[in-house]
1. Go through 228-239, 176-187, 97-108, 71-82 and give me the packing order, highest mean Cβ count within 10 Å leading.
2. Around LEU222, which amide H atoms from residues at least 5 apart in sequence, or from another chain, sit under 5 Å from its own amide H, with H modelled in the peptide plane?
3. Within a Cβ distance under 14 Å of PRO193, other residues only, what is the Lys/Arg minus Asp/Glu net charge?
4. Each residue of segment 123-134 in order: what ³J(HN,Hα) in whole Hz does its phi give by Karplus 6.51 cos²θ - 1.76 cosθ + 1.60, θ = phi - 60°, with x for Gly and Pro?
5. Name the long-range amide H neighbours of ARG194: under 5 Å, sequence gap of 5 or more, or other chain; modelled H, no Pro or chain starts.
6. For segment 96-148, what's the relative contact order in percent, using C-alpha pairs closer than 8 Å and at least 6 residues apart?
7. Applying the Karplus parametrisation 6.51 cos²θ - 1.76 cosθ + 1.60 with θ = phi - 60° to the phi angles of segment 244-251, what ³J(HN,Hα) value in whole Hz is obtained for each residue in order, glycine and proline being reported as x?
8. Rounded to two decimal places and with Rh computed the Kirkwood way over Cα pairs, what is Rg over Rh for segment 57-179?
Amino acid sequence: MTRASSLSLMFAGAAIAVGGAFAVTGFNPMGSEVGAAPAVAAARVLAAVPVVATGADAAHPTVVELFESQGCSDCPPANANVNVLAARPDVLALNFAVTYWDQLGWKDTFAKPAYTARQWDYSNAAGRGQVATPQVIINGRGTVVGANPQNLARAIHDNARGLGGPTITAANGKVTVGRGSGMATVWVVQYDPRTLTVPIRAGENGGRTLDHRNVVRSLAALGNWNGAPVSFSVPAPSDSAYRSAILVQQGKGGKIIAAARL
């Protein structure tokens, strides 16, 4: 990998300049994780992500969203850490593959423009003005690179939402968001909980084989919630192996105030 003081790339159809010294292939809003030698980065994954107290449980999971690309050489450590989190009942780990690496040597097999747009929503809401990979968003609140297990665990702790928020119940093909305060968008996410192994044949990760878990296959807004109980019909997964989850989120790039697996 190389370093540069500025980098111009086409992100989601818009050319932006990224200032400051950082690893060209990574995003580093929280520290110096990105840019480490590949062997060092890979070694970090050998340590399990520490379990920290968040108040979350299986009915009120912490939402961990990873934005990554198979074409990004800094992404495998973060991807591996989120794969570990995917096994925890108190965490809803979601792998969003973005598209802006697709013209740089390898087209991601899971990427969709909607996932790139979601990362941009977070960036715009926080006033960052840029997107890059890897990036982990916790409960729609804090961000971390995700390659370092200790830093990832700290971010999960620092951005915990506990057991608060409206209740989410499901029955007979419908989901109901209970009474609460505020306004939010209700999203349904379909994801694949299996370990999907992809051989990468070109680009920065060419020659590697990467495992993915909880790959997001679709994301759709069901409607709005304004504090009063409301119900929505939920589409059946397009594949019997997929699972669905509900996110209640305060606007584009806003805080996630409730979440549940269906």
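Each reported figure results from applying straightforward, stated rules to the coordinates on display, with no laboratory input. Since we're looking at a predicted model, the values are computed, not measured. Cβ sites come from the backbone with ideal geometry, for glycine too, and all protein chains shown count toward neighbours.
1. Numbers: 228-239: 13.7, 176-187: 17.0, 97-108: 20.1, 71-82: 26.3.
Packing proxy ranking, top to bottom: 71-82, 97-108, 176-187, 228-239.
2. VAL186, TRP187, VAL188
3. Neighbourhood net charge equals +3.
4. Result, rounded to whole Hz: 4, 5, 5, 8, x, 7, x, 7, 10, 6, 10, x.
5. Here the answer is ASN214, since their amide H atoms fall under 5 Å of that of ARG194.
6. RCO, segment 96-148: 22 percent.
7. Per residue, the Karplus-derived 3J(HN,Hα) values read 10, 9, 10, 10, 10, 10, 7, x Hz.
8. That ratio equals 1.00.
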